[in-house]
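The values are calculated or read from the model by the stated rules, or taken from the named source; none is laboratory data. Note that the structure is a prediction, hence the values are computed from the model and not measured. Cβ placement follows ideal geometry from the backbone for every residue including glycine, while neighbour counts extend to all protein chains displayed.
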């Protein structure tokens, strides 16, 4: 067996070498786990029983790897192509007997945003998840299912498993927004820092805006996905589970609104940075101008006394004392005036 009971044993079942990690399988009956870690080829056998819900997870499969799953569940080739393709838009497509879901799970690592693409096939009693990489924590998803008091109200259904999946995805999106919010606070502190590190502010603000744009690109379609699921005419979500999915929908709205708010805040911070930079430049120019005016006094006096013509005190000790007094007095007067006007 694999490291987790739900992982299939690829040594005993070599045909289960699908993707970059062993597939995971689990079957529920009457709200309790009946079997897990069984071969992928037995999925259809469990689905033949009307009271069993089946989950199958694949990690990084190739197109040819999904043939066995397509044969077991009768999946459309277009949906299979979307499941293995990269950078598909977050969406929900309806097919005969099942729906195809594509979402993104964001993670923030040291200020950088990483996206994990996750696809799912959902029928009445089967959920098939397809991960593009191992960054999505499947163990956390299983833990949520196991800690739920039941697999869902009423008859066994995959809708409650789908709820747990979407709830985890949206919670991770909220965590990503929170991390970007903290990064925004850090950039704000840098903007108002006395040291004013311009290059650091530019680098982090650019990265922050890039991350917010990427997160917004995957968060906004989630509203459409949840809204489509909640449509009564489609009958994707059973009535007892509508409040559950409505709660997830509210969280998606919060993610989208929070992301838009942060984008506006970052734009305001950049405008503030430019304004502060202009104010700092004005302060520097005032100081330079003030010191230039002060230095102009001794320059003018010494230049006048350097003329090769007789003047009062010429070639006398009293003339040197008089010029020195003039320089000191006028320089001090100018310094005091500029200081009182906050130019120095």
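Remarks
- Scan the stretch 224-248 for residues that are surrounded by fewer than 12 Cβ atoms within 10 Å (Cβ to Cβ) and under 17 Å from residue 161 (Cα atoms) and the total you get is 3.
- Residues (out of contact with any strand residue (DSSP E or B) (no Cβ under 9 Å at 6 or more places or on another chain) and either surrounded by 19 or more Cβ atoms within 10 Å (Cβ to Cβ) or part of a loop (DSSP other than H, G, I, E, B) (or both)) located in the stretch 138-149: 148, 149
- Being within 30 Å of residue 252 (Cβ to Cβ), in a helix (DSSP H, G or I), in contact with a strand residue (DSSP E or B) (Cβ under 8 Å, 6 or more places away or on another chain) and in contact (Cβ under 8 Å) with a residue 40 or more places away in the chain holds for only one residue in 103, 69, 53, and it is 69.
- Take the conditions (1) at pLDDT 75 or above; (2) outside any helix (DSSP H, G or I); residue 327 misses just one of them, which is (2).
- Residues (touching a residue at least 60 places away in the same chain (Cβ under 8 Å), out of contact with any helix residue (DSSP H, G or I) (no Cβ under 6 Å at 6 or more places or on another chain) and either surrounded by fewer than 12 Cβ atoms within 10 Å (Cβ to Cβ) or over 18 Å from residue 188 (Cβ atoms) (or both)) located in the stretch 249-279: 254
- Residues (within 21 Å of residue 131 (Cα to Cα), surrounded by 16 or more Cβ atoms within 10 Å (Cβ to Cβ) and over 35 Å from the mean Cα position of the chain (by Cα)) located in the stretch 17-41: 38, 39
- Single residue of 155, 110 found to be out of contact with any helix residue (DSSP H, G or I) (no Cβ under 9 Å at 6 or more places or on another chain), modelled with pLDDT under 90 and either crowded, with 17+ Cβ neighbours inside 10 Å or within 25 Å of residue 97 (Cβ to Cβ) (or both): 155
- Qualifying residue in the stretch 113-136 (condition: surrounded by fewer than 20 Cβ atoms within 10 Å (Cβ to Cβ) and without any contact (Cβ under 8 Å) to a residue 12 or more places away in the chain): no
- The residues of the stretch 215-231 that are within 13 Å of residue 89 (Cα to Cα), touching a residue at least 12 places away in the same chain (Cβ under 8 Å) and out of contact with any helix residue (DSSP H, G or I) (no Cβ under 9 Å at 6 or more places or on another chain), listed by number, are 221, 224.
- Top-ranked residue in the stretch 42-62 [being surrounded by fewer than 18 Cβ atoms within 10 Å (Cβ to Cβ) and under 29 Å from the mean Cα position of the chain (by Cα); ranked as modelled with the highest pLDDT]: 60
- Residue in the stretch 196-214 that is farther than 22 Å from residue 88 by Cα, surrounded by fewer than 15 Cβ atoms within 10 Å (Cβ to Cβ) and either touching a residue at least 40 places away in the same chain (Cβ under 8 Å) or in contact with a strand residue (DSSP E or B) (Cβ under 7 Å, 6 or more places away or on another chain) (or both) present: yes
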